[in-house]
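See below for the structure under consideration.
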Amino acid sequence: MEIEIRRIPCANLLADVSAMGDAVDGNTIMIVGSAPCFPYGLIDPIEKLGALAEKKKLWLHVDACVGGYIAPFVRMNGGDVPPFDFEVPGVLSMSADLHKYGYCAKGASTVLFRSEELRSHMIFDCADWPGGRMVTPTLAGTRPGGAIAAAWAVMNFLGEEGYRAKHRQVTNAREAVEAGVARLGFRVLGRPQLGIVSFTHDEVDPFAVWGKLFERGWFTSLTTEPKGLHLMLSPFHESVTGTYLSDLEWALGEVKAGNEGKKREARYS
Ligand SMILES: Cc1ncc(COP(=O)(O)O)c(C=O)c1O
């Protein structure tokens, strides 16, 4: 579509609202924030982005792919989650992935619009061919309905109580990891509030620690800026944080003693 994308560096790992404002010009159509971003699990200042969007009459999209189906329930559970959705007036659309913290299989996901009128721009509607008018919800054509039906079943099965219970476990796991890694001398990146936590170490190479953990069967992720260990936690992890933390302590000790293991490049996929 020949739309220019301006990527604005973060400030303290979060969207830099003032730099984003400076980058806006008369041709800007949309600004985007994350709730949360994947690398650190941190929620951008969506209220400030909303105010910027309103002031400059822009479309604010919130990428809540990894947060949209956990953040509301963490908040219901009493967690400290800042406004990130349509509660913020400037937010016009959001994406929220069912296959992440919605606990559904891949193949179905959701994008939400503030109004029917805004959603109408997404519809593909073409009558300019001999087969008759073709109307589809998106640019994509025929799609299998199985994943949508399965997601509907999962969501009805879990319901509000089910999601709250699962996300309480995720929160417990995150809090245990945060406290445990801090005890071992790691530094948690930012202030995570949902299910992702990343942490670095000022004296040892986190990638070397990852290599030792891998020897004990921990196949987790990494961040590059700064180098860090990255965990996306699920309800099950609540039961293994103790094992993880003791293996992390062992791995750290090994690296400090010069006994490094397999090196790994940081890969998202
Ligand atoms: C914030 C965010 N946006 C978008 C995506 C992309 O998701 P997918 O690869 O499932 O399309 C991810 C995946 O982790 C994410 O965390």
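The values are calculated or read from the model by the stated rules, or taken from the named source; none is laboratory data. The model shown is predicted, which means the values in this text are computed figures rather than measured ones. Every residue, glycine as well, gets a Cβ built from its backbone with ideal geometry; the counts of neighbours run over all protein chains shown. These accessible areas exclude ligands, DNA and RNA; they are computed on the full protein's heavy atoms, side chains included. Shrake-Rupley method; radii C 1.70, N 1.55, O 1.52, S 1.80 Å.
Hey, any idea what Rg/Rh is for region 160-256, computing Rh the Kirkwood way over Cα pairs?
Value, to two decimals: 0.97.
Using DSSP to call loops (not H, G, I, E or B), can you name the GluC sites (Glu not before Pro) in region 140-216 whose Cβ has at most 13 other Cβ atoms within 10 angstrom?
Of the GluC sites (Glu not before Pro), the ones in loops of region 140-216 whose Cβ has at most 13 other Cβ atoms within 10 Å are Glu203.
Put a dot 7 Å past each Cα toward the Cβ at Phe236 and Asp16; how far apart are the dots in nm?
About 4.0 nm, to one decimal.
Just to be sure I understand: with springs between alpha-carbon atoms less than 10 Å apart, which residue in Ala165, Ala23, Ala151 has the highest mean-square fluctuation in the Gaussian network model of the chain?
Maximum among the listed residues: Ala23.
7 Å from Cα along Cα→Cβ at both Glu116 and Ala153: what's the point-to-point distance in nm?
Those two pseudo-labels are separated by 3.2 nm.
Expressed as an acute angle from 0 to 90° and rounded to the nearest 10, what is the orientation of the C-alpha long axis of helix 146-183 relative to the principal long axis of the chain?
Compared with the principal axis, the helix lies near 40 degrees.
Under 8 Å for C-alpha pairs, at least 6 residues apart: give me the relative contact order for the chain, rounded to a whole percent.
Relative CO of the chain lands at 15 percent.
Where both residues lie in region 57-122, what percent of DSSP beta bridges are antiparallel, nearest 5? Show your work: numbers first, answer last.
Numbers: 4 of 8 bridges.
Around 50 percent of the beta bridges assigned by DSSP in region 57-122 are antiparallel ones.
Please work out the Cα center distance from region 1-63 to region 220-268, rounded to the nearest Å.
Region 1-63 and region 220-268 have Cα centres separated by 31 Å.
What part of the accessible area of region 67-226, given as a whole %, is carbon or sulfur when the probe is 1.4 angstrom?
Carbon with sulfur: 57 percent of the solvent-accessible area.
Provide the percentage of antiparallel DSSP beta bridges, counting only those with both residues in the chain; round to the nearest 5.
65 percent
Taking region 199-244, which chymotrypsin sites (Phe, Trp or Tyr not before Pro) meet the DSSP loop condition and have no more than 15 other C-beta atoms within 10 Å?
Details: sites: Phe199, Phe207, Trp210, Phe214, Trp218, Phe219, Phe236, Tyr244; in loops: Trp218, Phe219.
The qualifying sites are Phe219.
Mind checking which lysines have their C-alpha under 19 Å from Lys57, skipping anything on the same chain fewer than 8 residues away?
Within the straight-line cut-off, Lys57 pairs with Lys48.
Leaving out ligands, DNA and RNA but keeping every protein chain, what accessible area does Ser239 have, in Å² rounded to the nearest 10, with a 1.4 Å probe?
Roughly 90 Å² of Ser239 is accessible to a 1.4 Å probe.
What is the antiparallel percent of DSSP beta bridges lying wholly in region 1-141, to the nearest 5?
So the antiparallel bridges amount to about 45 percent of the total.
Which aspartates and glutamates does Lys55 reach when only Cα atoms under 20 Å apart count, and residues fewer than 8 places away in its own chain are ignored?
Once the sequence-local aspartates and glutamates are set aside, what remains near Lys55 is Asp16, Asp22, Asp25, Asp44, Glu47, Asp85, Glu87.
What does the accessible area per residue of region 148-191 come to in Å², with a 1.4 Å probe and no ligands, DNA or RNA counted? Let's see the in-between values first.
Details: 2470 Å² over 44 residues.
For region 148-191, the per-residue accessible area is 56 Å².
R0 = 35 Å: FRET efficiency of Asp25 with Trp129, Cβ-based, nearest 0.05? Please list the in-between numbers first.
Numbers: r = 38 Å, r/R0 = 1.09.
Efficiency for this residue pair is about 0.40.
Any aspartates and glutamates with Cα under 18 Å of the Lys166 Cα? List them, leaving off those in the same chain fewer than 8 positions away.
By straight Cα distance, Lys166 reaches Asp80, Asp97, Glu175, Glu238.
So what is the orientation-averaged projected area of the chain, using the convex hull of its C-alpha atoms, in nm²?
17.3 nm²
State log₁₀ I(q)/I(0) for region 46-157 at q = 0.13, 0.20, 0.22, 0.24 Å⁻¹ as given by the Debye formula over alpha-carbon point scatterers of equal weight, solvent excluded.
-0.64, -1.15, -1.23, -1.30
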